[in-house]
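Have a look at the structure below before the remarks.
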Amino acid sequence: MFSLLIEIGFLEIRIWDVLDVLIVGYLIFQIYRLLRGTMAFNIVIGVMALFAVWWLVGQLEMGLLSSILNQFVSVGVIMLLIIFQPEVRRFLLFIGNTTLKGRFSFWKQILSNNSEIDKQTEEAVEAILKAMVRMGKTKTGALIVFANNANVQALGETGTMIDAKISQPLIESIFNKESPLHDGAMLINNSKIHAASCILPVSYRRDIPKSAGLRHRAAIGVTEGSSNAAFIVSEETGKLSYAYQGNLIRGMSQKDLRDKLMKHYSESDNVSVIPEVPIPQSEEKS
């Protein structure tokens, strides 16, 4: 049997069994990432608890309660599709976008000149850096998120789609206090400004410094448990900050900020990224 991988007593483990487990695990993980931090995640927990109770009352032969729960379980799939219609749509979009972007990136790497890609990356990073430095001098609050493909659809739906080339004037005009899009976060994905005025989940951790405002808490919240990275310009002090994996560094130098921008700019095009070593929280530098 060419597909047999290992045999333990009466148990035969095939390579297809291993592949089956890996695919199911990957799908469950992606569904978790899409639902994490939303009300739908709490509904999923409630549905799982309902199924657990249904199984338990069936084992205990509690006829009345079992018959009532059977009515819910029998239409459970239809109910889930109705309740999770936005999440199902988002998951299908994620699969389609990931496949198309993966093919595009593959051919882009083959056909494109590496020096041209590096030059474009440097130009985009320099535009973001100059915009942040200039906004810091004028104390214009800003929040820029490098979102990976798994999160960009969900976050982008809360704001206004832009899909524009990255440039310093555009970034500054979006965060201008007179702009209708200045309130909220800007999303960068696939080397473009994907959306603006996006609403982010706010972290309520107790260990966050009290001096950190709502913009900094949103930056921490959107990076918790994900590969998103956030860059902040403080409206009160004009200091530049960086959040990643739920950790915050405040008062960064231009050199350190450029290094972080360069790192996450390229990673924002990928579905999976190599996790960075967590950065310990630090107070704002003088």
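List the helices (runs of 4 or more DSSP H) that sit entirely inside the range 81-186 and contain at least 1 residues that are surrounded by 13 or more Cβ atoms within 10 Å (Cβ to Cβ), modelled with pLDDT of 90 or more and not hydroxyl-bearing (Ser, Thr, Tyr).
114-137, 168-175
Could you say whether any residue in the range 137-158 is under 20 Å from Leu200 (Cα atoms) and either among the charged types (D, E, K, R) or free of Cβ contacts under 8 Å to residues at least 40 places away in the same chain (or both)?
Within the range 137-158, one or more residues are under 20 Å from Leu200 (Cα atoms) and either among the charged types (D, E, K, R) or free of Cβ contacts under 8 Å to residues at least 40 places away in the same chain (or both).
For the condition over 14 Å from the mean Cα position of the chain (by Cα), of a type outside the set (Phe, Trp, Tyr) and at pLDDT 90 or above, what is the one hit in Arg258, Arg206?
Arg258
Based on this model, can you work out whether Leu34 counts as modelled with pLDDT of 75 or more and assigned to a helix (DSSP H, G or I)?
Taking the combined requirement at face value, the residue does not satisfy it.
Could you tell me which numbered condition Ser226 fails, if it satisfies all but one of (1) assigned to a helix (DSSP H, G or I); (2) of a type outside the set (D, E, K, R); (3) out of contact with any Leu (no Cβ under 7 Å at 6 or more places or on another chain); (4) within 16 Å of Ser203 (Cα to Cα)?
Result: Ser226 passes all but (1).
Could we say that Val21 is assigned to a helix (DSSP H, G or I), at pLDDT 80 or above and assigned by TED's automatic domain parsing to the domain that holds Asn70 here?
Against the criterion (assigned to a helix (DSSP H, G or I), at pLDDT 80 or above and assigned by TED's automatic domain parsing to the domain that holds Asn70), Val21 qualifies.
Among the residues of the range 151-180, count how many are under 18 Å from Ser191 (Cβ atoms), of a type in the set (A, V, I, L, M) and touching a Leu at 6+ places or on another chain (Cβ under 7 Å).
4
The values are calculated or read from the model by the stated rules, or taken from the named source; none is laboratory data. The model shown is predicted, which means the values in this text are computed figures rather than measured ones. Every residue, glycine among them, receives a Cβ derived from its backbone with ideal geometry; neighbour counts consider all protein chains shown.
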